[in-house]
1. Full extension from residue 195 to residue 49: what is 0.36 nm times the residue separation minus their Cα-Cα distance, to one decimal in nm?
2. Taking loop as defined by DSSP and a crowding limit of 11 other beta carbons within 10 Å, which GluC sites (Glu not before Pro) in the stretch 99-195 fit?
3. How much length is gained if the chain between residue 94 and residue 57 is pulled fully straight, taking 0.36 nm per residue apart and subtracting their Cα-Cα distance, in nm to one decimal?
4. Could you compute the FRET efficiency for residue 115 and residue 70, with r as their C-beta to C-beta distance and R0 at 25 Å, rounded to 0.05?
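Coordinate-derived values only; no laboratory data. This structure is a prediction, so every number in the text was calculated from the model and none was measured. Positions of Cβ are backbone-derived with ideal geometry, glycine not excepted, and every protein chain shown enters the neighbour counts.
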Amino acid sequence: MGCVAHLTRALTALENPVAKKKSSSTSAAPVATAPPPQGGAMALPEFLSLLSRKVPSANLSKALAMLKAERFELFAQAEGDYIVGVVKSQTNPDLVYACKLTSSGAYSCCTQNLFRCGGLQGGLCKHLLVLVVGLTKAGKLDGARVDGWVAASRMHRPLLDKDAMTAIFLRYKGAEAGEIDWRPTETIPEDYYAL
Ligand SMILES: [Zn+2]
């Protein structure tokens, strides 16, 4: 009997460190396995707070309302010194807008008929902001860097760069037709409910 008790104690002693180790590694796991910070590591509320000082507040509100209303598939390309992308109209399903913002703050937005977007008075329109906010939330854009671009945009009037816009629409049509591999970034309304 004494022998069994001794053995049980010995086994318990053996098991305990394992159990402890397991529980401590489990509790540490969320930290250890959290994804490494990506380009857009800045928290969304912080990013929006920065943007709100640089763009017309009505445009930012409209962009957030759009992101809350439905999912977007943002066909976008983020490069070192510019971003381009396509944002579908929520009011007219036949209408899509191409947007471009450069590191120097130059910006454009127009429809596929190359009509200038009507929302560009006073700064970046809701389409550009959907693009910038959606991509930053998805970690595809560095919030701090693009905030600098948005700050620079205040020194510019909107452009209508027809060649650049046409190139974006051609690529978008190619992607829609499955001829070009251009994967969109999806936005989820729930991500924006709390804002
Ligand atoms: Zn626009």
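1. Separation in residues times 0.36 nm, less the Cα-Cα distance, equals 51.5 nm.
2. Listed in order of number, the matching sites are 179.
3. Extra length available between residue 94 and residue 57 comes to 10.6 nm.
4. Approximately 0.60, to the nearest 0.05.
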